[in-house]
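Step one of this worksheet: look at the structure below.
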Amino acid sequence: MGHRAGSIDLAIPKLREGSYFPAWLLERRRRAESALVSVVATSYLLGVSTRRMEKLVETLGVTRLSRSQVSEMAKDLDSQVEAFRTRPLDAGPYTFVAADALVLKVRESGRTVNVHALLATGVNADGYREILGLHVTSAEDGAGWLAFFRDLVARGLTGVALVTSDAHRGLVEAIGATLPGVSWQRCRTHYAANLMSATPKSAWGWVKALLHSVYNQPDSDAVHAQFDRILDALVDKLPAVAQHLDAARTDILAFTAFPKAAWRQIWSNNPQERLNREIRRRTDVVGIFPDRSALMRLVGAVLAEQHDEWTEQRRYLGLDILAKSRLTKITNENPTAEEVTITAITA
């Protein structure tokens, strides 16, 4: 049997009557693995399994599953995931937050529909990354994002200085409505894709090189100076591209208000994309979820597992960098040096 720690050879007894089912296969193991078994088993029982699922069930050594076994396993996992999703966010301030969405397929009313898993991560007061929240909505619209961020704030999300995301209108408006005064960083990777669509194909190579040169500067002043030089170089040759860049300037250069040591962690959603790939690695095994609760069970378990792993790794950002980042936000809001010093010490 394949396992995270390696391969284990199992000898299955042959019985004269009935079949042998090792009950320990359904005992609690790592949350994501248990959730995967539960989702596949549920699909199998509902008659929506594919050949891929059937092969997976066979590799797990499960030939027969009763509804009571699946129900008991799902009940235990659901309580763990729900407790994780609704826990208080009491490790703040969460100086940096990132938000993104994944599109997944679910079977509803006899048809397959797309649903959106809204995700948020943050850097807590000790410099470690946390999974902040997970919601599943029918559409990635403003109402869904607004409810999502309201829930985060109600659970204790405070001290946010910057939120990094793509330019989805509903998402950006929800950030402004629930976290007033917070800066928004438009993901540089997503923006490059948007700019490419506005650039002639023959010119994209050197326009892309110019854009990347902005991020290779040694400090904030140099970044803005280089951006000005790019606009001057493009305004006559590619006026539409220059206008596109100029309109996005504030959003894609928001990172420059913070210490350079944090730039790579905050100027794009690339760290979030790595998390998304891990989720995809697990959900691709299922393909189409039998219902939303099964989706929440597996994705929530993967996120809880990742959350635990982050707490055991080294700090995502150093405490000195976070202190300087919070001081930057305080300086912008309170221009007097005395107020800045007092707040920074008590933060």
Number of the condition not met by Leu152 [criteria: (1) outside any helix (DSSP H, G or I); (2) more than 24 Å from Arg281 (Cβ to Cβ)]: (1)
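Suppose the filter is touching a Phe, Trp or Tyr at 6+ places or on another chain (Cβ under 6 Å), not in a loop (DSSP other than H, G, I, E, B) and not charged (D, E, K, R); does Gly176 pass it?
Values: touching a Phe, Trp or Tyr at 6+ places or on another chain (Cβ under 6 Å): no; not in a loop (DSSP other than H, G, I, E, B): yes; not charged (D, E, K, R): yes.
Criteria not met by Gly176.
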How do the pairs read when you match residues in segment 291-313 that are of a type in the set (Lys, Arg) with residues anywhere that are surrounded by 16 or more Cβ atoms within 10 Å (Cβ to Cβ) and not in a helix (DSSP H, G or I), using Cβ under 6 Å and keeping only pairs 6 or more apart or on different chains? Arg292/Val106; Arg292/Val136
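Is one or more of the residues making up segment 265-282 in contact with a Lys or Arg (Cβ under 6 Å, 6 or more places away or on another chain), aromatic (Phe, Trp, Tyr) and on the phi < 0 side of the Ramachandran plot? Show your work before the answer.
Our first condition is that a residue be in contact with a Lys or Arg (Cβ under 6 Å, 6 or more places away or on another chain); within segment 265-282, this holds for 267-268.
Okay, now just the ones that are also aromatic (Phe, Trp, Tyr), so 267.
With on the phi < 0 side of the Ramachandran plot added as a condition, the list becomes 267.
Yes, some residue in segment 265-282 is in contact with a Lys or Arg (Cβ under 6 Å, 6 or more places away or on another chain), aromatic (Phe, Trp, Tyr) and on the phi < 0 side of the Ramachandran plot.
May I ask you to verify whether Ala304 is farther than 26 Å from Ala193 by Cβ, touching a Phe, Trp or Tyr at 6+ places or on another chain (Cβ under 7 Å) and modelled with pLDDT under 95? Talk me through it step by step, then tell me what you get.
Details: farther than 26 Å from Ala193 by Cβ: yes; touching a Phe, Trp or Tyr at 6+ places or on another chain (Cβ under 7 Å): yes; modelled with pLDDT under 95: yes.
So Ala304 fits the description; yes.
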Looking across segment 188-205 at residues that are closer than 22 Å to Ile266 by Cα and of a type in the set (Gly, Ala, Ser), the single one that is surrounded by the fewest Cβ atoms within 10 Å (Cβ to Cβ) is Ala193
With respect to Leu119, determine if the residue is in contact with an Asp or Glu (Cβ under 8 Å, 6 or more places away or on another chain) and not in a strand (DSSP E or B). no
Keeping to segment 179-202, report how many residues are part of a helix (DSSP H, G or I), of a type outside the set (A, V, I, L, M) and within 21 Å of Arg229 (Cβ to Cβ). 2
Residue check for Glu140: charged (D, E, K, R), modelled with pLDDT of 90 or more and under 19 Å from Leu295 (Cβ atoms): no
When segment 92-112 is checked residue by residue, the ones that are in contact with a strand residue (DSSP E or B) (Cβ under 7 Å, 6 or more places away or on another chain) and buried (at least 16 other Cβ atoms within 10 Å of the Cβ) are Tyr94, Thr95, Phe96, Val97, Ala98, Ala99, Asp100, Ala101, Leu102, Leu104, Val106, Arg107
Listed by first then second residue, the pairs whose first member lies in segment 212-238 and is free of Cβ contacts under 8 Å to residues at least 12 places away in the same chain, whose partner is surrounded by 13 or more Cβ atoms within 10 Å (Cβ to Cβ) and among the polar types (S, T, N, Q), with beta carbons under 6 Å and at least 6 positions apart or on separate chains, are Gln217/Gln226
Could you give every pair whose Cβ atoms fall below 6 Å, whose first residue belongs to segment 315-329 and is farther than 13 Å from Ala261 by Cα, and whose second residue is at pLDDT below 95, counting only separations of at least 6 or pairs across chains? Arg326/Ala347; Leu327/Ala344
For segment 272-291, enumerate the residues that are part of a helix (DSSP H, G or I), surrounded by fewer than 19 Cβ atoms within 10 Å (Cβ to Cβ) and out of contact with any Asp or Glu (no Cβ under 8 Å at 6 or more places or on another chain). Arg274, Arg277, Glu278, Arg280, Arg281, Arg282, Asp284, Val285
Return yes or no: is Asp251 acidic (Asp, Glu) and within 29 Å of Ser183 (Cβ to Cβ)? yes
Would you mention how many residues in segment 241-260 are among the aliphatic types (A, V, I, L, M), surrounded by fewer than 18 Cβ atoms within 10 Å (Cβ to Cβ) and either touching a strand residue (DSSP E or B) at 6+ places or on another chain (Cβ under 8 Å) or modelled with pLDDT under 95 (or both)? 2
The condition from (1) under 17 Å from the mean Cα position of the chain (by Cα); (2) of a type outside the set (Phe, Trp, Tyr); (3) at pLDDT below 95 that Leu77 misses is numbered (1)
Regarding segment 206-219, can at least one residue be identified that is surrounded by 16 or more Cβ atoms within 10 Å (Cβ to Cβ) and touching an Asp or Glu at 6+ places or on another chain (Cβ under 8 Å)? no
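Of all residues in segment 113-137, which are surrounded by fewer than 14 Cβ atoms within 10 Å (Cβ to Cβ) and within 16 Å of Ser293 (Cβ to Cβ)? Spell out the reasoning first.
Here is the first cut: in segment 113-137, the residues surrounded by fewer than 14 Cβ atoms within 10 Å (Cβ to Cβ) are 113-114, 126.
Of everything in segment 113-137, just one residue is surrounded by fewer than 14 Cβ atoms within 10 Å (Cβ to Cβ) and within 16 Å of Ser293 (Cβ to Cβ), namely Val113.
The values are calculated or read from the model by the stated rules, or taken from the named source; none is laboratory data. Just so we're clear, the structure is a prediction, and the values are computed from it rather than from any experiment. Cβ atoms come from the backbone with ideal geometry, glycine included; neighbour counts cover every protein chain shown.
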